[in-house]
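Below is one structure, written out as structure tokens; comments come after it.
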Amino acid sequence: MFLILILIVLTAGVLYIRPTQPLDMSYKDIVWKDKLIEMVETRQPEITLTNTDLNNLAKMGIAKALEEKDIPVSITGAEFRFEGNNVSVDFNAKWGFLTAGGTAKFQMEYSEGKLRLSPVSLFVKQIPISPDKLGLVPMDIDLATYLPSIIHISQVDFEDRYIKVRISADWMAILQYLQTL
């Protein structure tokens, strides 16, 4: 009887943490040509990265990081929401035969060419888990690796649902670059 009770509790736990929303890791490359043309047309040395752009960049970064690191958990889907310098990530993960859905929250800051994401909280469903327990540590992202080489970031401003990247660039070099695309 006790063994049956334990089996029921374990089954209920496994069913509870299962993902409730279908998420994937597909992403699209950002069309930098369009962003640069808009920058030239407005004559403002800035590029706006929308929530969709940031979501694509984040998924690209996770896919790359998961290839480079040997971790027992695989992220099978994610959706990022950016609000100012806060990021919420709904995710689906798989560990062995277990699948789980959850939410992680990060705080962003930009300094010396790097975007730093520091974990704030982690929930599997409504169950809080310390980010440290799962090895979530602050991560640095070099934004320059995602931008064309002629773009040099001078400042990053976190707005409500987008990031404004202020750049310093040679306008003639940008025009020449656009002609090659």
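The values are calculated or read from the model by the stated rules, or taken from the named source; none is laboratory data. Note that the structure is predicted; figures quoted are calculated from it, not measured. Here the Cβ is made from the backbone with ideal geometry for all residues, glycine too, and neighbour counts use every protein chain on show. Please note that ligands, DNA and RNA were not included when accessible areas were found on the heavy atoms of the full protein model with its side chains. Shrake-Rupley method; radii C 1.70, N 1.55, O 1.52, S 1.80 Å.
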Residue by residue through the stretch 120-135, note down the ones that are farther than 20 Å from N86 by Cα and either modelled with pLDDT of 85 or more or among the β-branched types (V, I, T) (or both). I127
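For the stretch 28-77: of the residues being part of a helix (DSSP H, G or I), of a type in the set (D, E, K, R) and over 18 Å from the mean Cα position of the chain (by Cα), which is modelled with the lowest pLDDT?
Looking only at the stretch 28-77, we keep the residues that are part of a helix (DSSP H, G or I), and these are 32-42, 51-68.
If we keep only those that are of a type in the set (D, E, K, R) too, we end up with 33-35, 38, 41, 53, 59, 64, 67-68.
Okay, now just the ones that are also over 18 Å from the mean Cα position of the chain (by Cα), so 33-35, 38, 41.
Numbers: K33: 83, D34: 87, K35: 86, E38: 89, E41: 88.
Among them, the one singled out is K33.
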Flagged in the stretch 92-107 as among the hydrophobic types (A, V, I, L, M, F, W, C) and either in contact with a Cys (Cβ under 8 Å, 6 or more places away or on another chain) or modelled with pLDDT under 90 (or both), in numbering order, are A93, W95, F97, L98, A100
Determine whether the stretch 106-118 contains at least one residue that is over 19 Å from E46 (Cβ atoms), open to solvent by less than 50 Å² (accessible area, probe 1.4 Å) and in contact (Cβ under 8 Å) with a residue 60 or more places away in the chain. no
Looking at the stretch 42-73, which of the residues that are touching a residue at least 24 places away in the same chain (Cβ under 8 Å) and among the β-branched types (V, I, T) is least open to solvent (accessible area, probe 1.4 Å)? I47
Quick one: which strands (runs of 3 or more DSSP E) sit completely within the stretch 86-181 and have at least 1 residues that are within 24 Å of K35 (Cβ to Cβ) and hydroxyl-bearing (S, T, Y)? 98-111, 152-158, 162-168
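Name the residue, out of F80, F2, that is aromatic (F, W, Y) and within 19 Å of the chain's Cα centre (by Cα).
Details: F2 fails: within 19 Å of the chain's Cα centre (by Cα).
Going through F80, F2 in turn, just one is aromatic (F, W, Y) and within 19 Å of the chain's Cα centre (by Cα): F80.
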If I ask for residues that are open to solvent by 60 Å² or more (accessible area, probe 1.4 Å), touching a Phe, Trp or Tyr at 6+ places or on another chain (Cβ under 9 Å) and modelled with pLDDT under 85, which ones from the stretch 136-159 would you list? P138, M139, S149
Mind telling me which of the residues D142, D157, D132, D170 ends up being more than 24 Å from Q44 (Cβ to Cβ) and of a type outside the set (S, T, Y)? D132
Which of the residues that make up the stretch 22-41 are under 22 Å from S74 (Cα atoms) and open to solvent by less than 60 Å² (accessible area, probe 1.4 Å)? L23, M25
